[in-house]
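Notes for the one structure printed next.
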Amino acid sequence: MARTPLVFDVQGTRFEVIPSAIGFDLDDDAMLREALRHGREGGLGGQFRWWLAHLGSRGSTSIPPAGTWDSAALEPYLAQWEETAIADPPFEGAITVQGLSVVPQNPRPGTGIDRVATAALVDAALFDLGRSTIVVPTALRSPVLGLAEIGTAVAQAERLIAGPVVLSRLNPDVQVRFPREVLAEALRSKVVGPADGPQIELSFALEPLLEHLAPRRSAIEFPPVDAQVVIRPDDVPAIIPGRYELLIDEESLAPAVQVAAASTTRTGVFPYAEGARPTLTTEDAEALGIKEMISVKHTDAGIDSCCTTFYTPGGDWKNQNRIHNIQLIADMVNGAIVMPGETFSLNEHVGPRTEAKGFKQAGAIIGPIIECCDDPANWGGGVSQFTTTLYNALFFAGLEDVDHTPHTLYISRYPEGREATLGWPSPDLKFRNNTDAAVYIKCEYTGDSITVKIFGDNGGIKVSSELSERRNFTEPKDYFDPDERITPGEQKVTDQGSPGWTVTVYRIIDFPDGSQTTESWMWRYHPWPKRISVHPCELPEDHDDYDPNLKCPAPVPDLRGMTLAQAIQALAAVNLVLVQGDPIEVTDPARAGLVLQQGPDAGTLLEAGKPVTVRLGVLAEGEDG
């Protein structure tokens with residue numbers, strides 16, 4: 001019965017309604033009780049008489065169906081049928097907006113469905129197994145609403161569009177103005193409620209409001225914002241909350257405009273709905289477990305600063321470039337987060353140090369000396385100071401040292417043995433986060449220093465360091481610097497150099513349970529070479545600047561008084577070429593045929609193959625010698 005549709009005829013138009021749609025529900029328990037009641041009335045005698053009367057009877061007793069339905073659920077159907085199937089239904093009134101003026105639509109009588117009679121027919125049909133078509137009764141019906149109610153609705157509508165509405169937010173900072181014209185276009189009215197108690201309901205349609213927002217929608221909708229871990233000036237980690245994508249809440253927009261329009265200030269809160277999730281939510285950031293600064297050096301005297309190194313401010317362009325590179329790589333690493341179990345590679349994080357990335361040329365250890373600036377390694381010169389500072393931070397944070405390489409030469413501004421260099425693609429600096437919390441790398445710099453701090457939760461360990469005595473000393477070797485100002489055969493010592501040695505660094509980790517572990521790293525520093533300036537022609541063959549085709553310049557011999565043959569032989573001995581100039585007339589036969597002048601002068605250094613011009617003496621005409 002609940003699935004068999006009810007069929008209605010409204011002035012010739014057919015409609016169907018499934019009984020369950022109006023809340024029809026058979027009462028199985030009531031029908032069962034009614035069935036069991038038959039033959040059990042009137043005491044024992046009455047029940048016996050009922051049994052005798054039905055003895056041998058093959059008939060059955062009819063049990064009427066029992067159940068309930070919701071007459072209020074039928075009302076929307078009746079109201080719709082009045083509009084669609086009745087030519088002249090009663091009109092309860094409405095309002096329209098023309099321009100900025102509210103215009104009333106007054107009520108009028110018409111033919112309407114008789115609700116009471118229809119409900120009785122439906123009640124009978126629901127429990128009728130035959131279910132014939134219900135011919136819906138109609139009658140002339142006057143509207144319930146009058147001119148007073150319409151006037152009230154007009155006054156309400158005029159207040160709703162009396163001025164612009166502003167919806168705003170502080171976070172994000174948004175302010176949206178809806179002009180009167182938009183409000184007037186969006187205002188709607190409809191009659192709601194039961195037939196015997198209707199009301200005019202005012203509302204704003206969504207479409208005109210969205211059309212007004214369309215040109216600036218991209219400015220009032222916001223992408224998701226990741227939560228941020230930041231470090232306060234007092235070195236305490238804090239979290240800046242993240243935010244989901246913010247989209248216009250289309251479901252709430254029109255109601256929000258209406259509430260604001262009905263208020264005395266004509267203002268309200270702009271409604272947002274959450275969209276896409278940020279990559280890092282506030283909850284994600286809190287779950288990182290970044291609790292405190294863990295890069296702390298413990299000494300017998302207490303806690304000491306571990307992770308600052310210094311440089312000389314100003315200076316020449318090379319030093320200024322060096323400082324620029326240190327600060328640039330610090331900016332690149334600042335804020336890096338390493339998750340538990342992850343390995344951080346400085347080279348992978350920063351990439352090659354190139355001009356395109358903003359790095360500049362500065363001094364770098366190339367071979368046995370610091371040079372600038374003809375080698376690719378000079379791009380980013382100075383980044384090893386940052387690498388050393390970062391290494392000390394992870395060292396005292398107790399993080400796992402995966403890979404580090406100290407400088408080949410000892411540099412006094414770095415902790416002996418406890419330092420690291422950086423090259424591309426190697427050497428690299430790598431460490432693994434061996435804690436249960438994420439670690440956060442904070443980089444700070446001033447005009448003369450770079451500082452690295454690591455934050456996280458290392459379980460409360462205390463890290464200290466020890467250094468062995470220097471051992472296995474090695475003496476410096478000679479390194480020759482080319483200098484064209486040096487006379488071949490001469491040498492000038494510019495730096496006596498210093499010895500190299502071997503040293504061992506120890507990391508001692510004390511755990512809260514009283515246990516202790518010790519790790520060690522051994523390193524051999526090369527000696528700083530003895531620097532000797534020589535002429536380029538005297539560089540050893542294993543020197544990078546050695547040129548096998550370069551001959552040493554020779555001092556021009558004093559050719560004066562030599563014969564031509566003797567002068568040629570003397571110049572050939574030093575790889576120089578004789579060129580005869582104009583002769584010089586002489587009266588003394590003894591000077592004839594001898595070199596009287598030369599250029600360049602004797603002692604001048606000339607490269608091999610260069611010419612020396614000589615002028616020979618010749619007897620003047622008329623002299624018979």
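Enumerate the residues in segment 472-498 having an amide nitrogen under 16 Å from the point lying 7 Å beyond the Cα of LEU550 toward its Cβ.
Correct set: 479-492.
For ILE584 paired with LYS492, estimate the spin-label separation in nm (one decimal), with each label point 7 Å from Cα along the Cα-to-Cβ line.
Label-label distance for ILE584 and LYS492, simple model: 3.5 nm.
If I stretch the segment between THR312 and GLU207 completely, what's the gain in nm (0.36 nm per residue apart, minus their alpha carbon distance), one decimal?
Taking THR312 through GLU207 to full extension adds about 31.2 nm, to one decimal.
Measure out, as a whole number of angstrom, how far apart the alpha-carbon centroids of segment 558-625 and segment 253-302 sit.
Their Cα centres are 95 Å away from one another.
With a cut-off of 8 Å between alpha carbons and a minimum separation of six or more residues, what is the relative contact order of segment 554-619 in percent?
Reported relative contact order: 47 percent.
Working from the alpha-carbon coordinates of segment 161-286, get Rg over Rh, Rh being the Kirkwood radius.
Ratio of gyration radius to Kirkwood radius: 1.15.
If we count every other residue with Cβ under 9 angstrom of THR502's Cβ, Lys/Arg +1 and Asp/Glu -1, where does the sum land?
Residues near THR502 contribute +3 overall.
Quick one: compute a quarter of the convex hull surface over the Cα atoms of the chain and quote it in nm². Walk me through the numbers on the way to the answer.
Details: hull surface 273.2 nm².
If you wrap the Cα atoms of the chain in a convex hull and average its projections, you get 68.3 nm².
Evaluate E = 1/(1 + (r/R0)^6) for ARG471 and ILE303, where r is the Cβ-Cβ distance and R0 equals 51 Å; express this FRET efficiency to the nearest 0.05.
The pair ARG471/ILE303 has a calculated efficiency of 0.95.
How much length would be gained if the chain were fully extended between ASN575 and THR504, taking 0.36 nm per residue of separation minus their Cα-Cα distance, in nm to one decimal?
Full-extension gain reported as 20.0 nm.
In whole Å, what is the distance between the alpha-carbon centres of segment 70-138 and segment 419-474?
When both Cα centres are located, 82 Å separates them.
What is the gain in length, in nm to one decimal, between THR563 and ASP88 on full extension, counting 0.36 nm per residue of separation less the C-alpha to C-alpha distance? Please list the in-between numbers first.
Numbers: separation 475, 0.36 × 475 = 171.00 nm, distance 14.36 nm.
Additional length available on full extension: 156.6 nm.
With each label point set 7 Å from Cα along the Cα-Cβ vector, what nm distance links THR133 and MET339?
6.9 nm
Can you give the relative contact order of the chain as a percent, counting alpha carbon pairs under 8 Å and 6+ residues apart?
Numbers: 1269 pairs, mean separation 48.0, N = 625.
Across the chain, relative contact order equals 8 percent.
Could you compute the net charge surrounding ALA184? Neighbours are other residues with a C-beta less than 15 Å from the C-beta of ALA184; K and R count +1, D and E count -1.
Net charge in that neighbourhood comes out at 0.
Kindly flag which residue pairs out of LYS291/LYS453; LYS297/LYS442; LYS291/LYS430; LYS492/LYS530; LYS360/LYS453 have an alpha-carbon separation exceeding 18 Å in this structure.
The answer is LYS291/LYS430; LYS360/LYS453.
Pairing the Cα long axis of helix 75-85 with the longest principal axis of the chain, what angle in degrees results, from 0 to 90 and rounded to the nearest 10?
Once rounded, the angle reads 90 degrees.
Helix 317-333 sits at what angle to the longest principal axis of the chain, using alpha carbons and giving 0 to 90 degrees rounded to 10?
That helix lies at roughly 30 degrees to the long axis.
Which value in nm describes the separation of the simple spin-label points at ASP513 and THR282, placed 7 Å from the Cα toward the beta carbon?
Distance between the two pseudo-spin positions: 3.7 nm.
With r as the distance between the Cβ atoms of VAL259 and GLU541 and R0 = 60 Å, compute the FRET efficiency 1/(1 + (r/R0)^6) and round to 0.05.
The formula returns an efficiency of 0.10 here.
Report the percentage of all Cα-Cα pairs in segment 112-173 whose separation exceeds 15 Å, rounded to a whole percent.
72 percent
Take peptides 398-408, 373-383, 336-346 and line them up by average Cβ neighbours within 10 Å, highest first, as a rough protection proxy.
With the highest mean Cβ count within 10 Å placed first, the list reads 373-383, 398-408, 336-346.
Coordinate-derived values only; no laboratory data. Predicted model, so just to flag it, every value in this text is computed and none were measured. Note that we place each Cβ from the backbone using ideal geometry, even for glycine, and neighbour counts take in every protein chain shown.
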